[in-house]
Amino acid sequence: MGAKVLQKTFIVIGFFFWLPEFSAGENCGNSRYCPNLHHCCRDLTTCCPNGYVCAGALCISIVAIAIPCVVIVLNIIIAIVVILVKRIILHRAVVTTPIQHPASIIPPPDQNKGQSVC
């Protein structure tokens with residue numbers, strides 16, 4: 001008698017684990033249902049898992065779309081930083097170059113012949 005009660009208990013528990021597999025799906029219309037953790041695509045014939053985007057009859061991972069966008073944005077940021085750093089270094093190089101003193105602009109003494117200095 002104990003074995004029959006145990007068997008019925010397993011059947012009831014199994015039924016409750018089996019039931020959501022069919023009842024939690026999505027109704028796509030046209031008597032089409034997508035399984036649990038899937039969604040209907042616009043063509044109503046394809047079901048894609050959650051986390052995927054419908055592309056006709058294909059399902060493309062959102063990660064496959066997001067990673068190239070992130071890489072492009074990072075490349076733009078890196079390019080801007082490199083340009084700014086190069087400008088800062090160039091500006092420092094211009095500022096730190098030695099300035100010629102006015103004394104070096106005076107012509108040599110042999111060019112002053114015949115001119116009076118006051």
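The residues His91, His38, when put in order of fewest to most other Cβ atoms within 10 Å, stand as His91, His38. Amide hydrogen proximity for His39: with H placed 1.01 Å from N in the peptide plane, the residues at 5 or more positions away or on another chain lying under 5 Å are Cys48, Asn50.
Bear in mind that the values in this text are calculations on the coordinates, not laboratory data. What you see is a predicted model, and the numbers here were worked out from it, not measured in a lab. A quick note on method: Cβ atoms are made from the backbone with ideal geometry, for glycine too, and the neighbour counts reach across all protein chains shown.
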